[in-house]
Amino acid sequence: FSLFGLAKAGVVPLDTRNALEPLMFGTLISSTDPVSTMSIMSSLNTSPMLHALIFGESVLNDAVCITLYKTLEGFHPFLYESPKMVQFGLGDFGKVMVIFSGITMVSVMLGVACGLLCSMISKKFPMIRNHPEIEMGMTFFFAYACYCLGEIIEMSGIMALFFCAIVLAHYHSHNLSDNSKVAVWSTVQALGFFAETA
């Protein structure tokens, strides 16, 4: 709302007829890029727990920003045939919060369900432990399938993937063979390194 107030005062050149555009812009700029923080922390050899907490917070912050932006986007006139500006009033904030809460809850439940399903399969079928390639493939398949399913049903795929990864790390990793643990860990570290530095 502070951005909307600045627009009303004429400091920021945004549409002041309603608060929709400033809110959408605010969600875009409020997501943070943790790459510089992560690189400084890596060079200082800080605690892995501190690294995980800051990285997890920034990923969750980005997921929340994307979800909120997609929710607000549903109220914007460029999605409608009529170019007339949709009035975004106080009553619409309630709608936004209900839609946002629903998307968030469904995405979290989807991520937890995918993670638990993968963990259950690896626990119920111990013969998979003899095939590290199947264990590794299954781990990455469930994570990617969770993301894709979240996007297909128009929920937050990033948030679903985040909670799926938490469940996989907490439950599924104990069901993996030693070779698979090393392979999955090394692959995730390599992909994370290239994603953060590329």
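The values are calculated or read from the model by the stated rules, or taken from the named source; none is laboratory data. Since we're looking at a predicted model, the values are computed, not measured. Methodologically, a virtual Cβ is constructed for each residue, glycine included, from the backbone with ideal geometry; neighbour enumeration extends over all protein chains shown. To get the accessible areas, we keep the full protein, side chains included, count just its heavy atoms, and leave off ligands, DNA and RNA. Shrake-Rupley method; radii C 1.70, N 1.55, O 1.52, S 1.80 Å.
Can you give the longest stretch of the chain with no exposed loop site, where a site means GluC sites (Glu not before Pro) in a DSSP loop (not H, G, I, E or B) with at most 13 other C-beta atoms within 10 Å?
Working: sites that count: E81, E154.
Within the chain, the longest run free of exposed GluC sites (Glu not before Pro) spans 1-80.
Find which of S180, G137, F163 sits farthest along the positive direction of the dipole of the range 118-198, computed with +1 on the beta-carbon of Lys and Arg, -1 on that of Asp and Glu, about the Cα centre.
Farthest towards the positive pole: S180.
Pop out the carbon and sulfur fraction of the accessible area of the chain as a percent, whole number, probe 1.4 Å. Walk me through the numbers before you get to the answer.
Numbers: 8590 of 12050 Å².
Looking at the chain in its full context, I get 71 percent from C and S.
Going by alpha carbons, how many degrees (0 to 90, nearest 10) lie between the helix axis of 48-73 and the longest principal axis of the chain?
40 degrees
Please identify the cysteines of the chain that lack any partner cysteine with a Cβ under 4.7 Å from their own Cβ.
C65, C118, C148
Heavy-atom accessible area per residue, the range 121-198, 1.4 Å probe: how many Å²?
Working: 4940 Å² over 78 residues.
On a per-residue basis, 63 Å².
Pairs of Cα atoms under 8 Å, at least six residues apart: use those to get the relative contact order of the chain, whole percent. Provide the component values of the computation, followed by the final result.
Details: 189 pairs, mean separation 38.5, N = 198.
Relative contact order, the chain: 19 percent.
To make sure I understand the rule: partners must be lysines, Cα under 20 Å from the Cα of K181, and not fewer than 8 residues away in the same chain. Which ones qualify?
List returned: K123, K124.
Output ³J(HN,Hα) for the range 123-132: one whole-Hz value per residue in order, computed from phi by the Karplus curve 6.51 cos²θ - 1.76 cosθ + 1.60 with θ = phi - 60°, and x for Gly and Pro.
Once θ is set to phi - 60°, the couplings for the range 123-132 become 7, 6, 10, x, 5, 5, 4, 7, 10, x Hz.
Taking only DSSP H segments of four or more residues, each worth -39500 (n - 2.57), what value at 222 nm results for the chain once the sum is divided by all its residues, to the nearest 500 deg cm²/dmol? Let's see the in-between values first.
On the way: 8 runs with 143 residues, N = 198.
Computed mean residue ellipticity for the chain: -24500 deg cm²/dmol.
Quick one: dipole size for the range 94-198, taken about the Cα centre, charges +1 on Lys/Arg Cβ and -1 on Asp/Glu Cβ, in debye to the nearest 20.
Using only the charged Cβ atoms, the result is roughly 300 debye.
Could you name the lysines in cross-link range of K95, using Cα to Cα under 18 Å and dropping any fewer than eight places away on the same chain?
Answer for K95, where 18 Å is the Cα cut-off: K70, listed by chain and number.
Please name whichever of L23, P126, V98 sits farthest to the positive end of the charge dipole of the chain, dipole taken about the Cα centre and charges placed at Cβ: Lys and Arg +1, Asp and Glu -1.
Result: P126.
Measure off 7 Å from each Cα along the Cα-to-Cβ vector at A145 and L60, then give the distance between these two points in nanometres to one decimal.
About 2.7 nm separates the two model spin labels.
Does anyone have the angle between helix 20-30 and the longest principal axis of the chain? Alpha-carbon axes, 0 to 90°, nearest 10?
40 degrees
Please work out the Cα convex hull volume for the chain and give it in Å³ per residue.
Working: hull volume 30.2 nm³, N = 198.
So the per-residue hull volume is 153 Å³.
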